[in-house]
Amino acid sequence: MSNGEFMKDVYYKTINQVTNVLLFVEGIKDAAYGELAEIRLEDGRTVIGQVLDTRENLAIVQSFGETRGMNIEKTKVKFTGRTAEIDVSTDMVGRIFDGMGRPRDNGPAIRGGETLEITGSAINPYAREEPSEFIETGISAIDGMNTLVRGQKLPIFSGSGLPHNRIAAQIARQAKILGKGEGFGIVFGGIGINSEEANFFKREFEETGALEKSVMFLNLSSEPSMERIILPRLALTTAEYLAYEQDMHVLLYSAT
């Protein structure tokens with residue numbers, strides 16, 4: 001096969017250079033931006049990557065895993081022809097996942113639902129209904145002075161040492177839609193948090209019963225930084241599925 005040809009079901013051993021988390025793969029003609037790639041290491045392990053840029057006969061792949069010590073002569077790359085996806089189902093409610101959407105609560109993988117691409121189309125903000133329906137957080141400073149309503153974004157900024165994690169957990173525990181009979185759920189994303197913070201959120205959600213109505217995505221500071229780019233899209237896709245496909249009211253928020 002010549003360098004100009006490109007197939008989705010073969011591995012390429014044409015890595016020219018590895019820089020930090022970037023792999024430069026030559027002889028690739030038709031790789032698409034955002035396409036997922038499988039990086040097969042010398043010891044047989046597989047690391048997921050994503051096409052960050054394409055040029056003439058060159059694909060730049062961003063690895064989601066460790067690349068230090070990689071032997072470029074014995075490492076090969078396969079382009080999958082797919083973008084990042086997540087399996088969604090109502091069975092996700094009450095579960096905890098990692099920054100790639102894999103179960104981190106020792107539960108089974110999600111089956112029997114739908115598989116959705118996480119790079120969906122943006123909603124035209126001009127076509128949205130004007131936000132007006134109150135969401136009660138149970139925190140008087142928010143409910144009385146900076147009211148949260150459906151369809152609105154509410155940033156909460158905090159400095160080091162302040163109890164932002166306790167506020168986030170309290171919102172998850174107390175938030176509700178007043179006067180609504182439809183289901184209400186929470187999608188929470190912990191992005192680049194440390195183990196202590198992750199354990200705090202898991203404990204708070206479990207002990208207060210908030211986990212029963214929540215879907216949690218957690219990426220730890222010790223885990224690949226690229227997951228911090230994927231995780232918000234996983235959380236948003238899950239929230240959109242629960243809202244638009246399952247007719248639930250969904251509060252989506254994250255902590256970093």
Quick check on this structure: which one of LEU252, LEU220 is touching a Leu at 6+ places or on another chain (Cβ under 7 Å), in contact (Cβ under 8 Å) with a residue 24 or more places away in the chain and among the aliphatic types (A, V, I, L, M)?
LEU252
Residue check, SER195 under 19 Å from THR256 (Cβ atoms), surrounded by fewer than 18 Cβ atoms within 10 Å (Cβ to Cβ) and touching a residue at least 24 places away in the same chain (Cβ under 8 Å):
yes
Residue list for the stretch 22-38, filter: closer than 13 Å to GLN62 by Cβ and not hydrophobic (A, V, I, L, M, F, W, C):
TYR33, GLY34, GLU35
Scan the stretch 107-118 residue by residue and report those that are assigned to a strand (DSSP E or B) and more than 29 Å from THR14 (Cα to Cα).
GLU114, THR115, LEU116
May I ask you to say which residue of GLY44, GLY27, GLY107 is over 16 Å from the mean Cα position of the chain (by Cα) and within 20 Å of GLY189 (Cβ to Cβ)?
GLY107
Can you say whether PRO103 is out of contact with any Gly (no Cβ under 7 Å at 6 or more places or on another chain), under 23 Å from SER63 (Cβ atoms) and free of Cβ contacts under 8 Å to residues at least 12 places away in the same chain, as far as the supplied structure shows?
yes
Taking helices (runs of 4 or more DSSP H) that fall entirely within the stretch 144-256, which contain at least 3 residues that are closer than 21 Å to ARG102 by Cα and not aliphatic (A, V, I, L, M)?
195-208, 227-240
Given the criterion hydroxyl-bearing (Ser, Thr, Tyr), closer than 15 Å to VAL187 by Cα and surrounded by fewer than 16 Cβ atoms within 10 Å (Cβ to Cβ), identify the matching residue among TYR244, TYR253.
TYR244
Please go through the stretch 130-143 and give me each residue that is part of a loop (DSSP other than H, G, I, E, B), within 27 Å of the chain's Cα centre (by Cα) and within 23 Å of THR256 (Cβ to Cβ), ordered by number.
THR137
Does the stretch 122-129 include one or more residues that are touching a residue at least 12 places away in the same chain (Cβ under 8 Å) and surrounded by 11 or more Cβ atoms within 10 Å (Cβ to Cβ)?
no
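Bear in mind these aren't lab numbers, they're just calculated from the coordinates by the rules spelled out. In this text the structure is predicted, and so the values were computed from the model without any measurement. Positions of Cβ are backbone-derived with ideal geometry, glycine not excepted, and every protein chain shown enters the neighbour counts.
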